[in-house]
1. Can you name the number of the only condition in (1) in the same structural domain as residue 293 (by TED's automatic domain parsing); (2) in contact with an Asp or Glu (Cβ under 8 Å, 6 or more places away or on another chain); (3) of a type in the set (A, V, I, L, M) that residue 157 fails?
2. Among the numbered criteria (1) modelled with pLDDT of 95 or more; (2) among the charged types (D, E, K, R); (3) out of contact with any Cys (no Cβ under 8 Å at 6 or more places or on another chain), which one does residue 138 miss?
3. Residue by residue through region 234-263, note down the ones that are hydrophobic (A, V, I, L, M, F, W, C), closer than 15 Å to residue 223 by Cα and modelled with pLDDT of 95 or more.
4. Which one of 355, 389 is of a type in the set (Phe, Trp, Tyr), within 17 Å of the chain's Cα centre (by Cα) and surrounded by 15 or more Cβ atoms within 10 Å (Cβ to Cβ)?
5. I want to confirm something. Restricting to region 125-148 and keeping residues that are of a type in the set (Gly, Ala, Ser) and not in a helix (DSSP H, G or I), which single residue is surrounded by the most Cβ atoms within 10 Å (Cβ to Cβ)?
6. Among the numbered conditions (1) surrounded by fewer than 24 Cβ atoms within 10 Å (Cβ to Cβ); (2) small (Gly, Ala, Ser); (3) closer than 19 Å to residue 355 by Cβ, tell me where residue 122 comes up short.
7. Out of the residues in region 60-98 that are under 22 Å from the mean Cα position of the chain (by Cα) and of a type in the set (S, T, N, Q), which is modelled with the lowest pLDDT?
8. Restricting the search to region 298-323, which residues are surrounded by fewer than 20 Cβ atoms within 10 Å (Cβ to Cβ) and in contact with a Leu (Cβ under 7 Å, 6 or more places away or on another chain)?
Amino acid sequence: MTIDKSRETRVIDVDPDETSTLLKKLIAVRSVNPSLDKTSSEKGVAELIASELERFGLEVRLQKVSDDRFNVIGQLTGEDPGRVIMLNGHMDTVNTRDPIPEPTLDADGAMHGRGACDMKGGLAAMMLALKKLKQSNRRLKASVQFSAVVDEEYLSVGTQKLLTEYRPSAVIVGEPTELKLAVAQKGAQRFEIETFGRAAHGSAPELGIDAIANMALVIQKIGQLASIRVPNHPLLGAPRIHASTIEGGSGWNVVPDYCKLRVERRSLPGESPSGLEIMEQMLAELSAGNKDFSGRVRLVVDRKPMETSKTERLVTLMQDVVERVLGKRPATTGVPYWTDAAHFAADHGIPTCIFGPGSVAQAHADDEYVSIDQVIKAAQVYALVAELF
């Protein structure tokens, strides 16, 4: 799809000072995910976003997720209300050090502060895009929805609740991609692996079976996985796996009869064998070569990977618009991290792209920041895509 030249479309003007002011407001309101810090919540920033959207003249709704946790939905209604493009982002952040640093704009035009990159920069860009569209009274073929959701950094209950009531035709998730167009992301699988042994006195370890020593074999095998590797993905490369936490044993002088390892694996779209099959095969290989080895694995969390076809209308429109705004046609790429995009694309088959200001290298960092220029350019892309969709 290419931009309709017969329509008078132009890139919106976004003021840097207005952008900085809005982003500062968003960052200044602490919104650490309450599952990570029980003294915090997204409520304050949700109220701020709702207030700003109402001031911009949008239709605004607060969708209750749980006590004191609300998604914010803002809408501009188009000529075809049954056709909807959604701009989606999350309000929660990971934890920050105390005292909380004030948001600061540096001499290079970067805004520093918790959530600046992940992902209040993206939220600010989407809000400004909707404001400018409303002010301009531009003709919208489709309705445009903006959803600011809770809990992406933990269990994504916000987007899951959102999808019980809203089913957009297409979605842009504004996670940080450095203004690259991502159409694929890895999944996130979490496993618990247990190994079992036989307790014995520490002075006679030969009478026992060491469960921790058996887990050491598992850890070594995880580092290899050569015999059960899945093919690389053209946009995402290889799956990734790492040991996260380990616990076991009961005392200095006791041969341990139990050990538990937690493992995270980043999965690929359409991979075969599955992550669980890979783990089970690994344990079977260890058991076959060692009569004293006993272990089992349990899949605890399975956040799906996602991929949107490069020929999808949303993707080609995004390419056209990004080329218009940035001066260069973007290639499609993938991101190694997980986002709520999977709930739209993998769970419900909704065409979804990931595109936003900032770099994942700054996300969650102690000195988190985002370029104001990238926030402005993202807003320009969001507005033009929404207008033309």
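The values are calculated or read from the model by the stated rules, or taken from the named source; none is laboratory data. The structure displayed is predicted, hence computed values, not measured ones. Quick reminder, even Gly has a Cβ in these numbers, built from the backbone with ideal geometry, and neighbours come from all protein chains shown.
1. Unmet for residue 157, out of (1) in the same structural domain as residue 293 (by TED's automatic domain parsing); (2) in contact with an Asp or Glu (Cβ under 8 Å, 6 or more places away or on another chain); (3) of a type in the set (A, V, I, L, M): (1).
2. Evaluating residue 138 over (1) modelled with pLDDT of 95 or more; (2) among the charged types (D, E, K, R); (3) out of contact with any Cys (no Cβ under 8 Å at 6 or more places or on another chain) leaves (1) as the failure.
3. Here is the first cut: in region 234-263, the ones hydrophobic (A, V, I, L, M, F, W, C) are 235-236, 238, 241, 243, 246, 252, 254-255, 259, 261, 263.
Then drop every residue that is not closer than 15 Å to residue 223 by Cα, which leaves 238, 241, 243, 261, 263.
If the condition is that a residue be hydrophobic (A, V, I, L, M, F, W, C), closer than 15 Å to residue 223 by Cα and modelled with pLDDT of 95 or more, then 261, 263 are the ones that fit.
4. Values: 389 fails: within 17 Å of the chain's Cα centre (by Cα).
On inspection, the qualifying residue turns out to be 355.
5. Residues of region 125-148 of a type in the set (Gly, Ala, Ser): 125, 129, 136, 142-143, 147-148.
With not in a helix (DSSP H, G or I) added as a condition, the list becomes 142-143, 147-148.
Numbers: 142: 22, 143: 22, 147: 26, 148: 31.
So, considering only residues that are of a type in the set (Gly, Ala, Ser) and not in a helix (DSSP H, G or I), the one surrounded by the most Cβ atoms within 10 Å (Cβ to Cβ) is 148.
6. Checking residue 122 against (1) surrounded by fewer than 24 Cβ atoms within 10 Å (Cβ to Cβ); (2) small (Gly, Ala, Ser); (3) closer than 19 Å to residue 355 by Cβ, the one that fails is (1).
7. 96
8. The answer is 299, 319.
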